[in-house]
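Structure first, then comments.
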Amino acid sequence: MFDLGWARVANSAAEIQLGQLVAVEVHALGLWTLNISRIVDDADESHRFGFVYATTALHVEEGEERFLLTLDPDSGDVRYKLEAVSRPHSKLAWMGYPATRAFQHRFARDSHRRVQRAVGGEIVAVGS
């Protein structure tokens, strides 16, 4: 869900577990930024998998993001839920607020497409 070319997890070997730091690199407006978040919730069950991370002081935004994949065992439908609640944290993010929001929407769109390719078919996109 993160391997988008312009956005990627820098520490991709990190395990999805409570307390784990996640470093996301983002290429925007000719610059690479590194944003650090911490996993604060996770789900690893037969029909659902995902996590929630909260931003740290080393992130341009302040908030949380939820990534959740669910499988409907009856229909075989895969749902990908991406929810974000955030506001600019850094001065640069406040100054570029419209651009920041545009990149968040781009991330949601591209992330949904990436998951769709990964599951090899249609997914039901939930949230943005």
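Since every read-out is calculated from the coordinates, none of them should be taken as a lab result. From a predicted model like this one, the values you see are computed outputs, not experimental measurements. Using ideal geometry, Cβ is built from the backbone for each residue, glycine included, and neighbour counts are taken over all protein chains shown.
Annotations for the structure displayed:
- GNM flexibility winner over the chain from VAL52, VAL85, VAL22 (Cα, springs under 10 Å): VAL85
- In this simple spin-label approximation, ARG109 and TRP94 carry label points 7 Å from Cα along the Cα→Cβ vector, and these lie 2.9 nm apart.
- The residues packed around ILE16, meaning those with a beta-carbon under 14 Å from its beta-carbon, carry a net charge of -3 if Lys and Arg are +1 and Asp and Glu are -1.
- The residues packed around PHE51, meaning those with a beta-carbon under 13 Å from its beta-carbon, carry a net charge of -4 if Lys and Arg are +1 and Asp and Glu are -1.
- Compactness of the chain - radius of gyration and Dmax, Cα, Å: 14.7, 48
- In Hz, Karplus ³J(HN,Hα) per residue of segment 18-28 (6.51, -1.76, 1.60; θ = phi - 60°; x = Gly, Pro): 3, x, 5, 7, 10, 10, 10, 8, 10, 9, 9
- The angle between the Cα long axis of helix 97-119 and the longest principal axis of the Cα atoms of the chain comes to about 30 degrees, rounded to the nearest 10.
- Helical contribution to [θ] at 222 nm, DSSP H n ≥ 4, -39,500 (n - 2.57), averaged over the chain, rounded to 500: -7000 deg cm²/dmol
- Positive contributions from Lys and Arg (+1) and negative ones from Asp and Glu (-1), summed over other residues with Cβ under 11 Å from the Cβ of PRO88, come out at +1.
- Förster-model FRET efficiency, 30 Å R0, GLU83 and ALA118, C-beta, rounded to 0.05: 0.95
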